[in-house]
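As structure tokens, the structure follows; a few thoughts come after it.
The values are calculated or read from the model by the stated rules, or taken from the named source; none is laboratory data. All of these numbers come straight from a predicted model, not from anything done at the bench. Here the Cβ is made from the backbone with ideal geometry for all residues, glycine too, and neighbour counts use every protein chain on show. The area values use the complete protein model at the heavy-atom level, side chains included, leaving out ligands, DNA and RNA. Shrake-Rupley method; radii C 1.70, N 1.55, O 1.52, S 1.80 Å.
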Amino acid sequence: MATPPQASPGEPNTDKKSPMTPAPPIISPGAPRFTPPNLQQDQIASPSIKNPIMLSPENGVKTGSPVPHLSTPPGPPVFTSPVQPAAVPFRTSPATPQPVAFSSGSSLPTSSPPHFPNGSAELQQQPPGATEESMPAGESPCVLFSAHKLLKHKKLANVPSLGFGVLVSPGRETSTGPQVIHRDPHRCHNCGAYSNLYSNILIGSGQWQCVICRNLNGSEGEYIASSKEELRNFPELSSPLVDFIQTGNKRPSFVPVTDSRTSAPVVLVIDECLDDAHLQHLQSSLHAFVDSVPPTTRIGIILYGSTVSVYDFTEESIASADVISGGTSPTQETLKGLIYGTGIYLSPMHASKQVAHLIFSSLRPYKLNVPEVSRDRCLGTAVEVAMAIIQGPSVDMSRGVVKRPGGNSRIIVCAGGPNTYGPGFVPHSYTHPNYPHREKTAIKWMEQLGREAHQHNIVVDILCAGTCPVRVPVLQPLANASGGVLVLHDDFGEAFGVNLQRASARAAGSHGLLEIRCSDDILVTQVVGPGEEANIDIHETFKNDMAVSIQMLSVEETQCFSISMQNKHDIKSDFVFFQFAIQYSNVYQADIARVITIRLPTVDSVLAYLQSVQDEVAAVIIAKRTLLQAKSYSDAIDMQTTIDERVKDIASKFGSQVPKSKLYRFPKEISLLPELLFHLRRGPLLGSIVGHEDERSVLRNLFLNASFDLSLRMIAPRCLMHREGGTFEELPAYDLAMQSDTAVVLDHGTDVFIWLGAELAADEGRSAAALAACRTLAEELSELRFPAPRILAFKEGSSQARYFVSRLIPAHKDPPYEQEARFPQLRTLTIEQRTKLKSSFIHFDDPSFCEWIRGLKAVPPEPI
């Protein structure tokens, strides 16, 4: 157990108390950072991100995401009305770009020109066992490259303003699921790479050649075949994505058990220092949480204030708890008395639902006349006790066999204020003379506690709510180091309740390791994601293994790694190879090795390269690299300038110079990229839309660990206008969408806004129908998202409407011809409607997209 540097003497008491006092909710912080090996130039330590990995193959072992009723709380009503595409020439942004295709006949991503095949569509020669199937269109791929071709010339390929990289989502579900193999993989004896569909096979001897290091390896006769067609029966030789699965029958001294005794528990750690209004919302959220939890899930309930109350499920008619002093870390004797006592502190929901409801109903508001920020909260001690309860006795032996829970256990802290008492505390006031030192000490202690939780496969999520500052810099390291998240909420109401349910239902694998191997031409320069550099000596097994190895803090579906790469030298070959291997233990106690192998063609032509660039993927990778350096508000302002310089450099390096001018025209092949970066520089991640630095810090941490879909939405909002008949038209996120007779939904990742025009709002019948349709759409857009966004609805001209207006590009300042080119829907308006729209805007100094890019001495790209 972590010990507080400021621990005061004294032995904690253990008393029985009944009934109990109230408990408030907490929020889960962001993720840590790590620097991968072999970093070059001015690399920065990357933040650690949560990685979800899930599986669902045969024989009870699941691949992909968990079954629906385990993964999210009850979803909102299904929205069936079609979304109409935006009018030409605006290109609507798909939720995810198309995956790299695996056959020349595959469908292409909308951001790639139709006459250029994607990624590995072109085969150097049909490898033995390589099938002609492509990934289904529209699926969520595990690997997204910023371009589907690589430039051979080092100087151009390594232009830092554009760069090259890949987003890897190790546990992302694919539409068809991966090929599942119940045997050990064949690995290169030299570099450790796995055999794959691009390996050359000598069918007479069964030897295979490694695509990474070109070493010839044996297969113990397994790949001996009469023809190359016969090799297609091996999934790893016919599919780019395979899962090697080893279940308990191959592990000596271990028996997999899936009943409630060994399922990963969820322990709620609840702040009991809440006022009545907050407590009522929290109780509603907690009761809904209990009703949503699967019956076999084991649950624990702990309250904390100046003491820690651990609820006992043996009492069926009264809320009863053991109480431990919160001023110091609990001693081993105290914990032993708790764990080996007669109380039951973890119980399956089917046996404890009534007791849990009773406990939550017994909570009472804070009674003392003390300001919220000054109330004693021993959050650190409470998490230590929760960890001890989850671990239980040091070894649980049954017939000589060690049982372990599947996946990660989870602690969910529901916090309404800062940790002001006990280990890891900070003073009540920022003006305390010793505050900077105490904060620094508290941050180190919380990070160490998070690391200890991670070592025991425990994820700590912190869900914060209310108006009291929770001191994010202190709590964030606890969530980050354990693989959890910290989320801020306005209150303990709807959004908090949904996130509480989704946090507990996230299937989390454990013992995750990501290995990145590339052709010798490619160098990995930076990794941003939910992990840290792995401290393992893989070279004892493979003497020339140059893999970048990352220890994943958690293995979940909602996260990804952003990996930046460079050419080491000019590339001579026609293809380069990338292999990503993810090893982890899933929630069903199976050991998984997921192997993804991709081959990309190399080209001399800059035009061919630019046409293969995936604007949205490139923007997300650029944004993650940029946000990594924005650790404070002043850093964020500096990063806005960095974005400006990046766009100027891309225009000068890859664009064409305007005749008789010093201006450069931005390349039309990547015309969407500058607009995405414009949204980034003025939005909540780098701009001044969000008021408090704690909020910006939480958003940045979430973004650095977020999946591609959520990352893209956090950069650039998606704008959908309601139409008669319940349909929606997708439009550019410009303020020209603020038409008084319409309703608009704006999805900005962590927030979804519903804007009702004044003219529409005046008609009660129409506005009620439009609002209902918009709310249904908003819920559907975010029904699987974690953290769940807050959904705000307001009318034109209201004070809250500023949240909506500030996220839209102010295109009303552009000349009419430019407005129509970039926002074609204007052409459908009458002269009267356009006049009314123009008169509704208030002048302010923010530049439009076209004004901004001209200010960078570049000509805006033509709209697609």
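Points worth noting:
- Apolar share of the accessible surface for region 731-857: 55 percent from carbon plus sulfur atoms, 1.4 Å probe.
- Kirkwood hydrodynamic radius over Cα pairs of region 349-498, then Stokes diffusion coefficient at 4 °C and 1.567 mPa s, in µm²/s: 76 µm²/s
- Region 731-802 - accessible surface per residue (Å², probe 1.4 Å): 34 Å²
- Between LYS353 and TYR340, the modelled labels are 3.6 nm apart [label points 7 Å from Cα along Cα→Cβ].
- Cross-link pairs exceeding 31 Å in C-alpha to C-alpha distance, out of LYS572/LYS631; LYS444/LYS624; LYS653/LYS838; LYS152/LYS662, comprise LYS572/LYS631; LYS653/LYS838.
- Global geometry of region 177-241, whether rounded, prolate or oblate, following the gyration tensor of its Cα atoms and the 1.5 cut on a/c: oblate
- Spacing of the two label points (7 Å from each Cα toward its C-beta) at GLU862 and GLU693, in nm: 4.7 nm
- Taking all C-alpha pairs of region 564-701, those more than 23 Å from each other amount to 54 percent.
- Protein accessible area in region 411-519, 1.4 Å probe - carbon and sulfur %: 55 percent
- The stretch between GLN332 and ASN535 holds 70.1 nm of extra length on full extension. This uses 0.36 nm per residue minus the Cα-Cα distance.
- Distance between the 7 Å Cα→Cβ label points at ASN544 and LEU156: 3.1 nm.
- Sorted largest first by accessible area at a 1.4 angstrom probe radius, with every protein chain in place, the residues ASP591, ASP735, ASP638 fall in the order ASP638, ASP591, ASP735.
- Here the calculated FRET efficiency for GLN280 and GLU316, from their Cβ-Cβ distance with R0 = 22 Å, stands at 0.30, rounded to the nearest 0.05.
- Multiplying the residue separation of SER840 and GLU724 by 0.36 nm and removing their Cα-Cα distance gives an extension gain of 39.5 nm.
- Global form of region 588-628, assessed from the alpha-carbon gyration tensor, a/c cut-off 1.5: oblate
- Rg/Rg_globular for region 779-864, with Rg_globular taken as 2.2 N^0.38 Å and Rg from C-alpha atoms: 1.35
- When peptides 279-290, 471-482, 562-573 are sorted by average Cβ neighbour count within 10 Å, with the highest value leading, the order is 471-482, 279-290, 562-573.
- Over all directions, the projected convex hull of the C-alpha atoms in region 287-353 averages 5.1 nm² in area.
- Accessible surface of region 165-243, 1.4 Å probe, proportion on carbon and sulfur as whole %: 46 percent
- Heavy-atom surface of region 611-710, accessible at 1.4 Å and reported per residue (Å²): 34 Å²
- Using a probe of 1.4 angstrom and keeping all protein chains present, the accessible surface of region 348-500 works out to 37 square angstrom per residue.
- Listed by chain and number, the aspartates and glutamates whose C-alpha is less than 13 Å from the C-alpha of LYS155, apart from same-chain residues fewer than 8 away, are ASP570, ASP604.
- Taking Lys and Arg as +1 and Asp and Glu as -1, the other residues whose beta-carbon sits under 10 Å from that of SER612 total 0.
- Computed over neighbours whose Cβ is under 9 Å from that of GLY206, the net charge equals -2, Lys and Arg +1, Asp and Glu -1.
- Under 16 Å from the Cα of LYS857 - aspartates and glutamates, other chains or at least 8 residues apart: ASP644, GLU645, ASP649, GLU675
- Summing charges over neighbours of GLU452, with a neighbour being any other residue whose Cβ is under 14 Å away from its Cβ, gives 0 when K and R count +1 and D and E count -1.
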